[in-house]
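Have a look at the structure below before the remarks.
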Amino acid sequence: MLNIIPKPQYAEERLGEFTVTRDTTVFADPRLSYARDRLIEEVEKACGFRLQVVETKQAAIRFLVDKHIPKEGYTMEADTERLTITASAVAGAFYAVQTFRLLTLTELLDSPEMLSMHALYIKDEPEYEYRGILFDDARYFHGPDTVKALLDMMAFNKLNVLHWHLTDNEGWRIEIKKYPKLIDIGSRRRGSQHIAWGNRSIDWTEHEGFYTQKEIQEIVSYAARMNIMVIPEIDMPAHMGAAIAAYPELSCGDIHMEVPIIHGATPETNGIGDVIACAGKESTYKFIYDIIDELSVLFPAPYFHIGGDEAPKKEWKKCPHCQALIREKGLKDEEELQGYFNNKIAVYLERKGKRMIGWNEILKARTLDNSVIAEYWTPQRDPNVENYLMSGRNIIVAKHQAFYFDMPYAQNTLKRTYEFTPEKYGLNADPERILGVEGTLWSEWISTDERIQYQLYPRMQALSEVAWTKAENRNYRDFRLRLKKYLPILDKRNIGYCPPSMLDPKNPLKRAKICRAFVKSNAHIEYNRALVVQKRRRYKL
């Protein structure tokens, strides 16, 4: 069994071994030289010596071009004398290098004199073009080093989209030069809620942090070198508490408020969870356009995420500006007003060469621009998503039950993530309209790198196989066997992860008690969430 995650579409082992020594030579078609250099770097990192680059195709390792191979696909053929990697583009050759790293155990060996791998033939390409991780930096700011470490592991697992959630009620994390108070005020809050969804205890330690535009450019460039596209999310028209704290005129009633601490609208927050940007003021759109102008330079990706979820309409119902716009435009109600809002942003983004993405709640308005991509997250079935897909438009799947990685393993098991198929969630339309899948790591209660790692690994590995490998080629038992050999790589990198015994708990409450002894940082979260699952039955296990 080849210990490769994600599993290739086709692989066969052959007799013999291919070895890499300090005398091994490397050739690359100039179009694939970047991938060649990455392989040389990986060998040097593992072994301490650099391979010699030569100009002859008789080299022991060859990177060749075949224009008929899909952009992110590759073939890899090795016998006792030669390793040949063939691709049509750098992306595919880069992914072949990631496979090489796994096959030669470069991540595990300590300064070996040589590397070896089975003779084999692999023909590989991804199932989905969009293979993403959402990282929420708005609730807790984690910083460039954490993001780059995440990008490293994404590339190693052949994931290619970082969906970066940079703003929310609890914090604005990106420098906007035209609106300095977004950082001066919006990037700081007086304290933090210990646990979202039911525990209102507050840690009164000030939390702050933001990315400068220079840091953003460095991270986006870093990601691009690993074939990862970075998509910013600027949440609107709801989840704008931090922005409204900085610029009260963005709200319907010029609300003066602090950056929220408690998640959601509660008696303790005086309902500020219901705060929303005013859709009836032209100045709101000017603010958003200015944000898009600055971010379009920083993020060259052809997509821009606007959130659009959980938008309370109470303020719009009593706002004279919003009601006047509804009458002026002949809109039916506040849902159509959000559709109008979304379409204005979508059109502006199109002028910037970008398609708008929004969470599936935006589909409540039936008049969305055809270019808009819906991201399906809600636990309950949403017929609007199914109809949207049937109408020939695009979606990304981030279903709560399978891909919400902030949830405990007692609720969203590894097996459930791994065994995802669109059909399980009623998505039976043209599969080509599903751009891909995304695992989401929200951080309402994830304040440390240790907790990030526990929630994310080995879920990332399961996600990568869902995103890369055809469903008919996936087998959970086989995956767990390969995962057992993969986990030492995380150990070697000092990456924490959920222990194997906790990944698929049959008794959520019992397993959660075990977890308390394993993860001391926020361990009670796993316990409390298991209680919710077992006692309240809020989600179907």
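The values are calculated or read from the model by the stated rules, or taken from the named source; none is laboratory data. Everything quoted here is computed from the prediction, not taken from an experiment. Glycine gets a Cβ as well: all are built from the backbone with ideal geometry, and neighbour counts include every protein chain shown.
Kindly evaluate residue 428 against the criterion of being surrounded by fewer than 24 Cβ atoms within 10 Å (Cβ to Cβ) and assigned to a helix (DSSP H, G or I).
no
This table checks each residue for (1) over 19 Å from residue 155 (Cβ atoms); (2) touching a strand residue (DSSP E or B) at 6+ places or on another chain (Cβ under 9 Å); (3) surrounded by 19 or more Cβ atoms within 10 Å (Cβ to Cβ).
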residue	(1), (2), (3)
77	yes, yes, no
81	yes, yes, no
101	no, no, yes
110	yes, no, no
117	yes, yes, yes
120	yes, yes, yes
126	no, yes, yes
131	no, yes, yes
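Candidates are the residues of the stretch 195-221 that are assigned to a strand (DSSP E or B) and hydrophobic (A, V, I, L, M, F, W, C); the one that is modelled with the highest pLDDT is 202.
Within the stretch 364-392, being modelled with pLDDT of 95 or more and under 17 Å from residue 337 (Cα atoms) holds for one residue alone: 372. Being assigned by TED's automatic domain parsing to the domain that holds residue 263, of a type outside the set (A, V, I, L, M, F, W, C), surrounded by fewer than 19 Cβ atoms within 10 Å (Cβ to Cβ) and assigned to a helix (DSSP H, G or I) is a property that does not hold for residue 451.
The residue of the stretch 472-483 that is surrounded by the most Cβ atoms within 10 Å (Cβ to Cβ), among those that are within 24 Å of the chain's Cα centre (by Cα) and more than 18 Å from residue 123 (Cβ to Cβ), is 479. Of all residues in the stretch 430-441, exactly one satisfies the criterion of being in contact with a strand residue (DSSP E or B) (Cβ under 9 Å, 6 or more places away or on another chain) and at pLDDT below 95, namely 433. Taken as a whole, the condition of being in the same structural domain as residue 245 (by TED's automatic domain parsing), touching a residue at least 40 places away in the same chain (Cβ under 8 Å) and assigned to a loop (DSSP other than H, G, I, E, B) applies to residue 177. Restricted to the stretch 222-340, the set of helices (runs of 4 or more DSSP H) holding at least 2 residues that are at pLDDT below 95 and not charged (D, E, K, R) is empty. So which residues in the stretch 6-26 are surrounded by 15 or more Cβ atoms within 10 Å (Cβ to Cβ) and either over 22 Å from residue 118 (Cβ atoms) or within 32 Å of the chain's Cα centre (by Cα) (or both)? Of everything in the stretch 6-26, those that are surrounded by 15 or more Cβ atoms within 10 Å (Cβ to Cβ) and either over 22 Å from residue 118 (Cβ atoms) or within 32 Å of the chain's Cα centre (by Cα) (or both) turn out to be 6, 7, 8, 9, 11.
For the stretch 357-384, filtered to residues that are among the acidic types (Asp, Glu) and out of contact with any strand residue (DSSP E or B) (no Cβ under 6 Å at 6 or more places or on another chain), the residue that is surrounded by the most Cβ atoms within 10 Å (Cβ to Cβ) is 361. Can you tell me which residue in the stretch 431-446 is nearest to residue 233 (Cα to Cα), limited to those that are out of contact with any helix residue (DSSP H, G or I) (no Cβ under 7 Å at 6 or more places or on another chain) and in a loop (DSSP other than H, G, I, E, B)? This residue is 442.
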